[in-house]
Amino acid sequence: MDADQNLALMEYLADFVTPDRKTRIEAVLAQRTRYLTVVAEDFHNAHNASALLRTCEALGIQDIHIIENFNTFKTRRGAASGSEKWVTLRRYNSDTEDNTAACLTKLRSQGYRLVATSPHGQALSPEVVPLDQKLAILLGSERDGVSKQAQNQADLQLKIPMVGFIESLNVSVSAALCLYTLTRRLRQLDVDWHISDREKQELRLDWFRFSARHSDRLEQRFLAQHNG
C-alpha cells in the first residue's frame, strides 16, 4: 500500500482502538528514539534475549539489530512481556555474507558511532560516553562477549565500573544499566533524539494493528472496500 492508503487504514483502525490505548500510544511515540540503538551479536540464551527486548522497549529504544552468525536470537515465551510487538527487530542472518560486518557497516553509514561493551581496557563508563552523535551499543554473546571483529570496528569501548571481585555482569543486566544511564542522559540534552513524524506514523499503524481486536479481519475488510 502507498502512503495515502496506509493513512486511510490507520484512520479506519483507529475506530477499533480504545481511547485509553490511543492516548498511551501517543505518549509512548513521544518518547521513542532511534538516536540510540542496540546491537545483539550471537545471543544464545532466550532469557537474556527476552530481557534485552523488555529493557529496550521500556526505555524507548525502538530498534534492536540482531546478528546471527552462529546462534539464533530466540525469546522465552512470557519473559519479554510482549515487548517484541512494540520494538523493531532488524536481523542479519545471511548464510553467504559476514553478518557482523554487514550490520556495523550499515549502522556506520547511517551516522552511528559504534560503542562495544567490554569489561577490560580503557573503556568509558556510561556516564561519560559522548552523546554528540547517534550511538549503537554493541552487546556480545553470554560466553564470549563482543567478537574481536566487532571490537576492532568499534569507535569506543564501554564498561560498567565495578568495585567487587567479579569483573563482569550478566549481559542483560549490563545492558539495562548502560541503557538506563544513556537514555536518561540523552533526554536531558539539547539534541533531537525523537523519531520523525513519518516514523511515528508508521509505528502508529503497526501499533493500531496490535491493539485492535481481529485487526487482520478488519484490514481485509478495509482492502476489500477500497480495492473494489
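The residues of region 105-123 that are of a type outside the set (Ser, Thr, Tyr), out of contact with any His (no Cβ under 9 Å at 6 or more places or on another chain) and surrounded by 14 or more Cβ atoms within 10 Å (Cβ to Cβ), listed by number, are Arg108, Arg113, Leu114, Val115, Ala116, Pro119, Ala123.
How many residues, within region 112-146, are assigned to a loop (DSSP other than H, G, I, E, B), within 17 Å of Thr100 (Cβ to Cβ) and in contact with a helix residue (DSSP H, G or I) (Cβ under 6 Å, 6 or more places away or on another chain)? Here the count works out to 1. Residue check: Val28 meets all listed conditions (1) within 30 Å of Leu189 (Cα to Cα); (2) crowded, with 19+ Cβ neighbours inside 10 Å but one, namely (2).
Scanning region 172-226 for residues that are farther than 18 Å from Ala136 by Cβ and of a type in the set (A, V, I, L, M, F, W, C) gives Val173, Leu203, Leu205, Trp207, Phe208, Phe210, Ala212, Leu218, Phe222, Leu223, Ala224. Could you tell me whether any residue of region 68-83 is of a type in the set (Ser, Thr, Tyr), touching a helix residue (DSSP H, G or I) at 6+ places or on another chain (Cβ under 9 Å) and part of a helix (DSSP H, G or I)? Checking region 68-83: at least one residue is of a type in the set (Ser, Thr, Tyr), touching a helix residue (DSSP H, G or I) at 6+ places or on another chain (Cβ under 9 Å) and part of a helix (DSSP H, G or I).
With respect to Glu41, determine if the residue is of a type in the set (Asp, Glu) and surrounded by fewer than 23 Cβ atoms within 10 Å (Cβ to Cβ). So Glu41 does not fit the description; no.
No value in this document is a laboratory result; all are computed from the given coordinates. For clarity, every value in this text was computed on a predicted model and none was experimentally measured. Reconstructed Cβ throughout: ideal geometry from the backbone, glycine too, with neighbour counts over all protein chains shown.
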